[in-house]
1. Straight distance only, please: which lysines reach the Cα of residue 58 with their own Cα at less than 25 Å, same-chain residues fewer than 8 apart left out?
2. From Cα pairs below 8 angstrom and at least 6 apart in sequence, can you work out the relative contact order of segment 104-213, rounded to a whole percent?
3. On the full set of protein chains, 1.4 Å probe, figure out the accessible area of residue 170 and give it in Å² to the nearest 10.
4. Amide H to amide H, which residues 5 or more places from residue 250 or on other chains are under 5 Å from it, using H placed in the peptide plane?
5. How large is ³J(HN,Hα) for each residue in segment 238-252, as worked out from phi by the Karplus curve 6.51 cos²θ - 1.76 cosθ + 1.60 (θ = phi - 60°), to whole Hz, x for Gly and Pro?
6. Order the following by accessible area, largest value first: 190, 121. Probe radius 1.4 Å; ligands, DNA and RNA are ignored.
7. Taking the Cα centre of segment 99-208 as origin, sum charge times position over the Cβ atoms of Lys and Arg (+1) and Asp and Glu (-1), and report the length of that vector in debye to the nearest 20.
8. Arrange the residues 247, 109 by how much accessible surface each exposes, largest first, with a 1.4 angstrom probe.
Amino acid sequence: MSMSTKRIDRTKSLNRILFVLVLLSVALFVFSLFFSKSERTAPKPSSSALLNPNNVEKIDSIKISVRGTEIMLSKSDDFWHIRSENSKSNSLVDSKLVSALISNASRIREIYKISSDKNDFSALGLSGGSAISFLSGGEPLSAVIFGISDALSGRIAFRTFDGTESYETEDDFSQFLTVDADYWIAGEFFYEIASANSSAETIKFVCPEKNIDFKINSSDSRFPDISHSVMSLRHGKICDLKKDGARKIAEIEVHSGNGEISVAEIWKSKASAEQESLFVTKKSTVKIGDDSAYELSEFTFNRIIGIFGGE
């Protein structure tokens, strides 16, 4: 190989190396521009809460609205209630759900400002879709409108009622953005006893059509199992069945350790000419404020009969 040929080969190799270096430089330059732009435009979080933690004890009602439909959770006599618009009755609310909602709202969290333009409300789902208001004496302590939830970031958009800015934060609110009363109700027959950290001392059960008249107290060795089964009984959804025209077929009476008495009455009503439906109502010496009727399945009724030795 001649000297001139070797020089040509070296020149080509150098040119290729220079070309690769130029490409790498351009790539790094573009990346640096993109990275610096992303860094500049990425929202920076601030730390705050959607509800002032100092106002938690003042809350006596919570209004939730979704697409024009509203429900109100109200507190009285240490219990939360919800009014069903279908049956026009009050139901006990599961206080654990309410406590979780209030805890999430009053927790100091990272909040990202994503827009200062109210024209962005529609794109972010903030034009009035879902809202939660925490109230005291009818006056708002905090009122927040929620928008689109991003599954990738795990954040949800929100804004205040009178503000023009849009924000986002960790989405631990979507589960509470429902106006379905059955989501909120306390499903246990004897919720007021369990929620007061009390326990059953005496249990009675009467069901004439099954020839059962049963009574047991805490001194009986069978009591722990029976008490556990009774206290875990759950009913179904709120229904519009009424006691008028129905017949009571059974009754469970529980005396608690703090002297209170709670009763679950089981009724059978004709849902149609061919079909009878079971439902349950509650009454108690505790002011539970629950005057709703609840669906009761045949499965649960048969389970109750089995608990008390029937077939």
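1. List returned: 75, 96, 287.
2. Details: 133 pairs, mean separation 24.6, N = 110.
In percent, rounded to a whole number, it is 22.
3. 90 Å²
4. 266
5. Values per residue, Gly and Pro as x: 4, 10, 9, 6, 10, 5, 4, x, 9, 10, 7, 10, 6, 8, 10 Hz.
6. Numbers: 190 5, 121 25 Å².
Final ranking, largest accessible area leading: 121, 190.
7. Values: 7 positive and 16 negative charges, 17 e Å.
The dipole of segment 99-208 has a size of about 80 debye.
8. Working: 247 115, 109 10 Å².
Ranking 247, 109 by accessible area, largest first, yields 247, 109.
The values are calculated or read from the model by the stated rules, or taken from the named source; none is laboratory data. This structure is a prediction, so every number in the text was calculated from the model and none was measured. Glycine also receives a Cβ, built like all others from the backbone with ideal geometry; neighbour counts cover every protein chain displayed. Heavy atoms of the whole protein, side chains included, go into the accessibility calculation; ligands, DNA and RNA do not. Shrake-Rupley method; radii C 1.70, N 1.55, O 1.52, S 1.80 Å.
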